[in-house]
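Taking it in order: structure first as structure tokens, then the write-up.
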Amino acid sequence: MISDRKLEHLLLCTHSDVEYHKKTGFKDVELVHKALPEINKEEIDLSTSLLGKKMDAPIIITAITGGHPSSIEVNQKLAQAAGNLNIGMGLGSQRAAVENPELTSTYTVAREAAPDALLIGNIGAPQMEQALEASQMMDLDAMAIHLNPLQEAIQPEGDVDSRGYLENIKKTTEEMKIPVIAKETGAGISGNDAKLLENVGVKAIDVAGSGGTSWAAVETYRSPDKDMGELYWDWGIPTAASTVEVSQSVQIPIISSGGIRNGLEAVKALALGADAVGMALPVLKTSYLGEGALEKFFQKFMDQIKVAMFLVGASNLKQLQKTDLVIQGKTREWLTERGYNTKIYARRSSL
Ligand code: FNR
């Protein structure tokens, strides 16, 4: 049952070690400190707009849940926080409700709790024929198609015939009234795949790179064969490298996510070209901590963002995208081997 699997995923992710051992690569990214920031930290403006929606900060709670009775409460809490802070939120895969309409309220509760926030629907690439129906389930601002070949390959009941997905995404972008986002689930998107997705009409890309939640790890706990999940636990393109690859390859907005755990990492992702950052696992865990915990969590995250922005002299996100930074270590090795230019960030503020 899909519904049981949803509950199992929630429990596993909150109680077991499901994160990559390999890192996101953001440690390799150094923002160049400014001894003369020449801005007022109190006036830093985090507001932005994404897919036509104004947001008070470039933060999205990426797809987590829906489809099990217990996810009503989770989605309600996430949406209340998203609404209060005017940030974005993604629903978990809506497949469960497309197949069993009794579960619809586990998703629509989010729109009721956040009438004005950027709300993103979700369907898996293997279920793309359900995308239109999912998009009509409530008032959504965009529909994310999630790409999860790693999870499908490791999970016992996985769908491993991925032929024709790109063509189906093209059809979906054409028939859908709302913008389509292509989203990985933790293994990252390469520059080349990003270009293919942009060319078939996708309007934004969530890189969801490796370094945070590992779906090979999650499936290791569910699978009778632990060896396979353990072998592929760390598979994927690290988030920092994926963010650079995608931002140097496409013009559409980019959401950087996968293992982003603090405001400093968020600032690095934004400086590398992301238009917003996303988080799932830490937000899910915080949602269980009681009244006001999510608001506190995001307030702290935004305070952290502002400190880094102050120290590089950026009073808004546009200025942040021009700040100087140096890419070192493994991330530089990856990017230079792949033919991406890592020098363009180093002194760009003085060009
Ligand atoms: C997810 N994620 C996810 N993604 C998606 O597109 N559809 C989905 O239904 C789900 N479900 C889901 C459940 C749970 C419990 C977690 C923790 C995550 C993936 C999520 O949106 C994100 O891309 C990854 O988790 C990487 O980000 P973090 O967790 O490292 O911040």
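The values are calculated or read from the model by the stated rules, or taken from the named source; none is laboratory data. All figures in this text were calculated on a predicted structure; none of them were measured in a lab. Counting neighbours? That spans all protein chains shown, and the Cβs are built from the backbone with ideal geometry, glycine included. Side chains included, ligands, DNA and RNA excluded: accessible areas come from the protein's heavy atoms. Shrake-Rupley method; radii C 1.70, N 1.55, O 1.52, S 1.80 Å.
Worth pointing out:
- Sole exception among (1) under 24 Å from Ala269 (Cα atoms); (2) surrounded by fewer than 19 Cβ atoms within 10 Å (Cβ to Cβ) for Ala208, by number: (2)
- Residues that are farther than 19 Å from Lys22 by Cα and either part of a loop (DSSP other than H, G, I, E, B) or open to solvent by 10 Å² or more (accessible area, probe 1.4 Å) (or both) do not occur anywhere in the range 213-221.
- Just one of the listed residues (Lys285, Lys318) is farther than 26 Å from Val250 by Cβ and under 21 Å from the mean Cα position of the chain (by Cα), namely Lys285.
- Residue pairs meeting the criteria (Cβ under 9 Å; at least 6 apart or on separate chains; first free of Cβ contacts under 8 Å to residues at least 60 places away in the same chain and surrounded by 24 or more Cβ atoms within 10 Å (Cβ to Cβ), in the range 242-271; second part of a loop (DSSP other than H, G, I, E, B) and polar (S, T, N, Q)): Ser242/Ser190; Val246/Ser190
- Verdict on His68 being touching an Asp or Glu at 6+ places or on another chain (Cβ under 8 Å), in a loop (DSSP other than H, G, I, E, B) and surrounded by 15 or more Cβ atoms within 10 Å (Cβ to Cβ): yes
- Residue list for the range 111-127, filter: in a helix (DSSP H, G or I), hydrophobic (A, V, I, L, M, F, W, C) and free of Cβ contacts under 8 Å to residues at least 40 places away in the same chain: Ala113
- Odd one out for Leu103 among (1) in contact with a Gly (Cβ under 9 Å, 6 or more places away or on another chain); (2) under 26 Å from Ser256 (Cβ atoms); (3) not aromatic (Phe, Trp, Tyr): (2)
- Here Ala134 passes the criteria (1) of a type in the set (Gly, Ala, Ser); (2) in a helix (DSSP H, G or I); (3) more than 13 Å from the ligand (Cβ to nearest atom) except the one numbered (3).
- Helices (runs of 4 or more DSSP H) completely within the range 243-343 that count 2 or more residues being closer than 19 Å to Met89 by Cα and either of a type outside the set (D, E, K, R) or within 16 Å of the ligand (Cβ to nearest atom) (or both): 263-271, 281-287, 293-311
- Residue satisfying all of: in the range 213-239; touching a helix residue (DSSP H, G or I) at 6+ places or on another chain (Cβ under 6 Å) and within 13 Å of the ligand (Cβ to nearest atom); farthest from Gly188 (Cα to Cα) among these: Tyr221
- The residue that is nearest to Ser287 (Cα to Cα), counting only those in the range 8-32 that are surrounded by fewer than 18 Cβ atoms within 10 Å (Cβ to Cβ) and near the ligand (Cβ under 10 Å from one of its atoms), is Thr14.
- In the set (1) within 14 Å of the ligand (Cβ to nearest atom); (2) within 26 Å of Leu11 (Cβ to Cβ), Met128 fails one condition alone, (2).
- Within the range 153-190, tally of residues that are within 16 Å of Ala217 (Cα to Cα), assigned to a helix (DSSP H, G or I) and open to solvent by 20 Å² or more (accessible area, probe 1.4 Å): 1
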